[in-house]
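Accompanying notes for the structure given below.
The values are calculated or read from the model by the stated rules, or taken from the named source; none is laboratory data. Everything numeric in this text was worked out from a predicted model, so none of it was measured. Cβ placement follows ideal geometry from the backbone for every residue including glycine, while neighbour counts extend to all protein chains displayed. Heavy atoms of the whole protein, side chains included, go into the accessibility calculation; ligands, DNA and RNA do not. Shrake-Rupley method; radii C 1.70, N 1.55, O 1.52, S 1.80 Å.
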Amino acid sequence: MPISEELFERALRVIPGGVNSPVRAFRRLERAPFFVASAAGAYLRDEDGRQYIDYVGTWGPAILGHAPQCVISAVQAAVPAGLGYGTPTRIEVDMAETVCRWVPSIEKVRMTNSGTEATMSAVRLARGYTGRKYIIKFAGCYHGHVDSLLVAAGSGALTHGEPDSAGIPQEFAELTLVLPYNDEAAVRQAFSLFAGQIAAIIVEPYPGNAGFYLPKPGFLELLRELTAADGALLIFDEVMTGFRISPAGVQGKHGITPDITTLGKIIGGGLPVGAFGGRREIMDCVSPLGAVYQAGTLSGNPIAMAAGLAQLRELERTDAYTRLEALGARLEEGMHRILGDLALPLTFKRSGSMFCLFFTQQDVVDLNTATTANFDMWRAYFLSMLEQGIYIAPSPYETGFISTAHTEADIDATLAAAARALAVAKAV
Ligand code: HOZ
């Protein structure tokens, strides 16, 4: 029996679903997940010695590929000084200054240990600052497993058919107004029905947890306009897009200034880090300056800060974003060519190094259109890609990530595999 299968059998006995985060379980795929033994650059190696070109990239953090030397060296240099102290350290100041310099809407920033903690804290801060209780979120957007945000959520919740998690009291869920993404009329209506009562809109500006799709022209600008007019806050959840779509994330690309931004993934260089930050007067409501409580024993951990800062500095030092765009464009052009050759009018979405192939002919603009995708065709495609040594996310509702460690040859090998996998999917 393959070692991964043996490990999965053991895991199933002692870990719910055999995994520490649901999407990894390969549910509905009729096979066990592979267990990774090591990773370097664009490649994963599993316990059975098989190698994969990886487009999951640790679900976003691995923008330089796996185990980049700059991050490994920074961690090795930091370790002898101690693993954490629970006191202020110099590197937290370096990190905060770097984030504020890269993302101009962030004048002050607080570190957390995950994106979930960041969004949870951002929502509490928005409510504390405004004194209001309602939050607007968009169907299919996923902001981590925060009680008030696990309503019509994407990612694993959507993949496994539970977009509204059990365990969340109706009274909590009622404070979350769920709207369709890209629906301007729905947002206007919510602000007219709940005028003066909405604490914040929280949005993945480029949603990446029901597949990956983009805002219609003017949609993000409208969110800014309506929140400002009503005295509500605009929270950009850039946990996935931050430092990826541009150095300043989606907000940098669109020239929009949210009130609060949440970050994660890339900022940790592969270690567990999240952050939330924003306008000074809002951030000054956070304890100990203000009454909104937020804390964490491991927050700002020096090893995690060293890893994240090393990754950000490497991105700043190199032409990473130009390279990611070139690789992404190569993949996109190749995919369109293959889809044309096979007469398969599917939908491919991309921005920079984030992408998603939807097994639908519809233009994907929101959760409803994303879920028109044909699951059986997607599954046949996924399994064939995996068989050919290409790892894309094990769910049709996740995003693909390219890293600077991918080569043109990796992209071309991926396209050759995709042509075969799509032919298999077409026959389903
Ligand atoms: N929330 C992640 C996907 N958007 C899943 C992370 C994981 O399984 O590690």
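Can you work out the FRET efficiency for the pair D412 and R28, with r the C-beta to C-beta distance and R0 = 25 Å, to the nearest 0.05?
Values: r = 30 Å, r/R0 = 1.21.
Once the sixth-power term is evaluated, E becomes 0.25.
At 0.36 nm per residue, and after removing the present C-alpha to C-alpha distance, how many nm does the segment from F194 to K133 gain when stretched out fully?
Values: separation 61, 0.36 × 61 = 21.96 nm, distance 1.05 nm.
Additional length available on full extension: 20.9 nm.
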Using a 1.4 Å probe on the protein heavy atoms only, what accessible surface does K108 show? Give it in Å² to the nearest 10.
70 Å²
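Beyond 19 Å, how much of the Cα-Cα pair distribution for region 49-165 remains, as a whole percent? Can you show the working numbers first?
On the way: 4574 of 6786 pairs.
Of the Cα pairs, 67 percent sit more than 19 Å apart.
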When only the heavy atoms of the protein chains count and the probe is 1.4 Å, how do C100, C356 rank by accessible area, highest first?
C100, C356
Within the chain, what whole-number % of the accessible surface is contributed by carbon and sulfur, with the 1.4 Å probe and all protein chains included in the calculation?
54 percent
Part-to-part distance (alpha-carbon centres) for region 140-180 and region 1-56, which is given in Å:
27 Å
Per residue, how many Å² of accessible area does the chain show with a 1.4 Å probe?
41 Å²
Scalar couplings 3J(HN,Hα) for region 338-344 by Karplus 6.51 cos²θ - 1.76 cosθ + 1.60 (θ = phi - 60°), nearest whole Hz, x for Gly and Pro, are 5, 4, x, 4, 8, 6, 10
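What does the helix-only formula give at 222 nm for the chain: each DSSP H stretch with n ≥ 4 adding -39500 (n - 2.57), the total divided by the residues, and the result rounded to the nearest 500 deg cm²/dmol? Present the calculation step by step, with values, prior to reporting the outcome.
Numbers: 15 runs with 166 residues, N = 428.
That comes out to -12000 deg cm²/dmol.
Based on the Cβ-Cβ distance of V424 and Q51, what FRET efficiency does E = 1/(1 + (r/R0)^6) give at R0 = 25 Å, to the nearest 0.05? Walk me through the numbers before you get to the answer.
Values: r = 21 Å, r/R0 = 0.85.
Calculated transfer efficiency: 0.75.
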Of 231-242, 174-185, 85-96, ordering from highest average Cβ density within 10 Å down gives 231-242, 174-185, 85-96
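Using unit Cβ charges (K, R positive; D, E negative) and no other charged atoms, how large, in debye to the nearest 20, is the dipole of region 351-419 about its Cα centre? Intermediate values should be presented prior to the final figure.
Details: 1 positive and 8 negative charges, 25 e Å.
In debye, rounded to 20, region 351-419 gives about 120.
Can you order the peptides 300-307, 362-369 by their average number of other Cβ atoms within 10 Å per residue, highest first? Before the final figure, lay out the partial values.
Working: 300-307: 24.1, 362-369: 18.6.
Highest-to-lowest ranking by the protection proxy: 300-307, 362-369.
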Hits in region 405-428: amide N under 12 Å from the 7 Å Cα→Cβ extension of R323, namely 405-408
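Given the chain, what count of lysine pairs have C-alpha atoms under 18 Å apart, with each pair 8 or more places apart or on different chains? The partial results should precede the final answer.
On the way: K137/K216; K216/K253; K216/K349; K253/K349.
Going through the chain pair by pair, I get 4.
What ranking do 115-123, 384-392, 10-18 get when scored by the average of other Cβ atoms within 10 Å per residue, highest first?
So the peptides 115-123, 384-392, 10-18, ranked by packing, come out 115-123, 384-392, 10-18.
Starting from the Cα-Cα distance between A229 and S287, subtract it from 0.36 nm times their residue separation and give me the gain in nm to one decimal.
Length gained, A229 through S287: 18.1 nm.
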Mark the label point 7 Å from the Cα of F375 along Cα→Cβ and return the residues of region 14-33 whose backbone N is within less than 16 Å of it.
23-31
